[in-house]
Structure formats: C-alpha cells, structure tokens
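Encoded as structure tokens, the structure appears first; notes follow it.
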Amino acid sequence: MNKVLLIYTGGTIGMGKNSLTGALEPLDFNHLVDSMPEFKLIKTDIDIYQFTPPIDSSDMAPDKWAQLVRIIMRNYAKYDGFVILHGTDTMSYTASALSFMLENLTKPVILTGSQLPIGQLRTDGKENLITSIELAALKDANGNARVPEVSIYFSGRLIRGNRSTKINADGFHAFESFNYPHLCDTGVTFTFHDHHILRPNFEKNMIAHLAMDPNVVVFSLFPGVQEHIINNVLLSKEVRGIVMRTFGSGNAPQAPWLQHTLREAIKRGIVVVNISQCVAGSVEMARYDTGCQLKQTGVVSGYDSTVEAAVTKLMFLLARHKDPNVIRGLMNRSLAGEISV
C-alpha cells in the first residue's frame, strides 16, 4: 500500500464556529476526521502531521514555509507523496515558495483545502481531500510519481502551484492557472496532461532549501501614482527586491521621475521585476516605448509570472545570492516551471 503524509496547517477545511463570536476559527484535526467518516475508507496508508496550533492562512510566513520543508525533508524517504491542508487565501504563495525550496522534487506535494468547512453539508472539502490523497499516491508504470511537483488541487483541477492564483473568494472554483494548462482534470476518471508535467531527474536527490529573504515589496502602478510615495518605497534601505505590477504587457507612465527613481534603486543593487497587472498574458517590454524605457533602466522582465511566484522566487534568490546581477539573470530563467521563456 502506498503511503501519504497529510500535513494539516489549518484553514477553512478544518474550521468550526466560535460559540461566542460565531466566526470561523481553526480547530484540532481530530474535528476534521470526526466530520468525515469516508476518511477511514481511503485505500492509502495515511499518517498525519498537525501544526499546533493550526494557523489561519493569513498568518502564513517564510518561517512556516521552512517548517513545511523540514517536515517533508525529514519524511521524504518514508512516503510516496505529501498532501498539505492549507487555507485558500495564501495557498498560491505557499505553493510557489515550496516549488523553489524543494529543488529536484521527485514526489508529489499537493496543497488543497476548501471554501466551506468539512463539517458543513455542502462542503467541497471532502472531494478535494480524498482526490488529493489519491493523486499524491499515484505512480506511473516505472514506479515513479505520477505528478512529481508542487501543485494545487481544487474543484476537479490539478494545477502547477507556482502558476496558480486564487480567483474567487466564494465559489468552489477558487484557483486557476491562466498562463499554463492544467496538469490533470478529474471527473469519473483522471485525465493527465503528461507533456505539461515537470519531469525531474529521478536518479538525483531532492535538495531542500530553508532560507528566504522577505525584504521584498510589491506595488502596483496606477494613473496618478505619486512621486513622493513611490520614492519612499523604492529608496527604502531595507528593500532588496521589488515586484512592480505594470499595465498591459509591461508598460509604465513615461514620467521622468519614475525612470530616475527606478534607475537609482537599481544602481543601489535592488532587483526590480516587471509583471503585468493582467491575469493572463506576458510582459514584453520591447513591444511599446513605455516598456522599452523600463528595460533601459535595468528593470527585469517577469514574463508571464504570477505575483505570488515572482515574490517568492525573489525571496528565494535573495537568500541564496548576494550579487544582484546573478539574481536578475536567474529571474529570467525558469527554475521550477514558473515562467515561459
């Protein structure tokens, strides 16, 4: 029998109502199991690791990502796959971070959760959990993992973690990967899209990385953006990396002060990454003059990256490298399938 380690961090899937406030709050994992008798019928050997106490995903942070990496690293040889129960609000950030921190991953790490607590009648949590466990345990004809990468399973779709974005706060179809096809679509049967699934070197070991440098900031351009506000962000002493969300295919206002401020920040060693505010499409700074001006200042293209992947990739690279030119070069390379270049 295949073995899967289920890591419960918290999130809506295991929540219950506070008797005093009526608000949802994380509960002990035993509550989740008691609410789901089907759990005992799953034909996979399952062990459970629980965050104590469980956390709301809004409190997820780099130290918690390192904790997840340690759990997976210490148990890597014992299990065929890993399922992480996680709140939806920051699930894409965690999935993106883990895709970089778990180098040459050869086993599935699937994040899932739900929009309704598992104890509620119309919950989506049961199907998400059961299917995630089944996918994490699957192997191909050669005995290798069927989907050896960090992914998110939600509402019948298995998608690459570092391509995912939460798109709906209320609907069951909560996640999508606009710039990359699904890895698997589930219905009565599983439909795998093998040519879209990462193929690691199964002969090599997985390499775990724990360090992340959180001295990164994200800001969006908008009509009327003010010089003094942006200067306070770009010229901050603590900032080492900036994800700048621009218009369309990577365009920005042609204000001389913006070009000057960006140029000064880059001279100081800050890595500035250009990603689009659009949910689909890619940054092409050579398409329009407004984008070309950004390129000339030293701004790096984020191509078709999500903001979640760009932020966590920057954190990862800043923790590993001191030379900003090395980081800029690596931002233009796909490390874990996060961009199309």
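Which whole-number percent gives the relative contact order of the chain, counting Cα pairs below 8 Å spaced six or more residues apart? Numbers along the way, then the final one.
Numbers: 723 pairs, mean separation 49.8, N = 341.
For the chain, the relative contact order is 15 percent.
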| Listed peptides 219-231, 148-160, 271-283, 99-111 by packing density, highest first (mean Cβ within 10 Å) | 148-160, 99-111, 271-283, 219-231
| Potential extension, R199-H228 segment - 0.36 nm per residue separation minus Cα distance | 5.7 nm
| Whole-angstrom gap from segment 66-108 to segment 161-236, using each part's C-alpha centre | 14 Å
| Charge tally in the Cβ shell below 11 Å around V299, where Lys, Arg are +1 and Asp, Glu are -1, V299 excluded | +3
| Over 29 Å (Cα to Cα) - which of K204/K267; K126/K166; K204/K313; K139/K204 fall in this group | K204/K267
| query | For the chain, what does -39500 (n - 2.57) per DSSP helix run (n ≥ 4), summed and divided by total residues, give at 222 nm, in deg cm²/dmol to the nearest 500? | reply | -8500 deg cm²/dmol
| Proportion of all alpha-carbon pairs of the chain beyond 31 Å (%) | 35 percent
| the chain, dipole about Cα centre (Lys/Arg Cβ +1, Asp/Glu Cβ -1), debye to the nearest 20 | 840 debye
| field | Crossing angle, helix 256-267 versus the chain [Cα axis fit, 0-90 degrees, rounded to tens] | value | 70 degrees
| In Hz, Karplus ³J(HN,Hα) per residue of segment 125-134 (6.51, -1.76, 1.60; θ = phi - 60°; x = Gly, Pro) | x, 5, 5, 4, 5, 4, 5, 4, 5, 5
| said: Ignoring ligands, DNA and RNA, please state the percent of accessible area on segment 187-341 from carbon and sulfur, probe 1.4 Å. | reply: 53 percent
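The values are calculated or read from the model by the stated rules, or taken from the named source; none is laboratory data. None of these values were measured; they are calculated from a predicted model. Positions of Cβ are backbone-derived with ideal geometry, glycine not excepted, and every protein chain shown enters the neighbour counts. Accessible surface is based on the protein model in full, side chains and every heavy atom, while ligands, DNA and RNA are left aside. Shrake-Rupley method; radii C 1.70, N 1.55, O 1.52, S 1.80 Å.
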